[in-house]
1. Look at the range A:30-58 and say how many of its residues are buried (at least 21 other Cβ atoms within 10 Å of the Cβ), more than 10 Å from chain B (Cβ to nearest Cβ) and over 10 Å from residue A:68 (Cβ atoms).
2. So which residues in the range A:65-86 are over 21 Å from residue B:90 (Cβ atoms), out of contact with any helix residue (DSSP H, G or I) (no Cβ under 7 Å at 6 or more places or on another chain) and not small (Gly, Ala, Ser)?
3. Restricting attention to the range A:60-95, which residues are polar (S, T, N, Q), touching a residue at least 40 places away in the same chain (Cβ under 8 Å), in contact with a His (Cβ under 9 Å, 6 or more places away or on another chain) and open to solvent by 30 Å² or more (accessible area, probe 1.4 Å)?
4. Hey, among A:54, A:5, which residue is farther than 18 Å from residue B:92 by Cα, polar (S, T, N, Q) and not in a strand (DSSP E or B)?
5. Considering the range B:77-100 alone, what residues qualify as being more than 8 Å from chain A (Cβ to nearest Cβ), outside any helix (DSSP H, G or I) and free of Cβ contacts under 8 Å to residues at least 60 places away in the same chain?
6. Scan the strands (runs of 3 or more DSSP E) fully inside the range B:1-65 and keep the ones with 2 or more residues being facing another protein chain (nearest Cβ under 10 Å) and free of Cβ contacts under 8 Å to residues at least 24 places away in the same chain.
7. Restricting attention to the range A:3-29, report how many residues are open to solvent by 40 Å² or more (accessible area, probe 1.4 Å) and in contact with a strand residue (DSSP E or B) (Cβ under 7 Å, 6 or more places away or on another chain).
8. If we keep just the residues of the range B:101-112 that are open to solvent by 20 Å² or more (accessible area, probe 1.4 Å) and of a type outside the set (Val, Ile, Thr), which is farthest from the other protein chains (Cβ to nearest Cβ)?
Amino acid sequence: NAGVTQTPKFRVLKTGQSMTLLCAQDMNHEYMYWYRQDPGMGLRLIHYSVGEGTTAKGEVPDGYNVSRLKKQNFLLGLESAAPSQTSVYFCASSYSSGGGRETQYFGPGTRLLVL
Amino acid sequence: SQQGEEDPQALSIQEGENATMNCSYKTSINNLQWYRQNSGRGLVHLILIRSNEREKHSGRLRVTLDTSKKSSSLLITASRAADTASYFCATVFPYNTDKLIFGTGTRLQVFP
């Protein structure tokens, strides 16, 4: 049982390049989330999904797109990377929202540097 | 922004001492969770307190919630060097229970 895994662990991009971050969970969770973490800012929600085939915007969705084609995977895409997207990206999943009572399980993070 | 604020931003103590960190938020909540993050790692859930609860314990952790003051505190008793980490509160608002809104975090350093 691997929990939540993220690929890649670290990536360097040039401004304007595109990339996709992959999150996978093997806990049969319905809900999945993408956050970014910047120094002094805590975690901010980018997009989330409440089930296969669904996505919704979080607090900071601009410049990102997501897809949830399979229940166990949640992809985060950057179409045209900008230096402001340099950050650490965390994926999380939960069984449901349970009125917000459910624990979120986090992946180890992806460090992205945009030059 | 609905993001919570944590206080202090950083805290340094000796092993055996208690550590208290506070979280304040702006609007009514359904519940509040605390998470720990070790350096370079993902977050790990510690404890949840519902809006109708005032205090909750889990091992060496004690969480309080004061909805009138819109604040919560996390107390770690008899700290250990292994407690060194960042601690985040996360709130759930009634208008959207699908999302957690994380605070800015408290960095705790426990010296042996």
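The values are calculated or read from the model by the stated rules, or taken from the named source; none is laboratory data. Model, not experiment: these values are computed from the prediction. Glycine also receives a Cβ, built like all others from the backbone with ideal geometry; neighbour counts cover every protein chain displayed. Just so you know, the surface numbers come from the protein's heavy atoms only, side chains and all, with ligands and any DNA or RNA stripped out. Shrake-Rupley method; radii C 1.70, N 1.55, O 1.52, S 1.80 Å.
1. Qualifying residue count, the range A:30-58: 3.
2. A:65, A:68, A:69, A:70, A:71, A:72, A:73, A:75, A:79, A:83, A:85, A:86
3. A:72
4. Every option except A:54 fails the conditions.
5. Passing the criteria: B:77, B:84, B:85, B:86, B:95, B:96.
6. Because the criterion is at least 2 residues that are facing another protein chain (nearest Cβ under 10 Å) and free of Cβ contacts under 8 Å to residues at least 24 places away in the same chain, the strands (runs of 3 or more DSSP E) in the range B:1-65 that meet it are B:43-50.
7. 11
8. B:112
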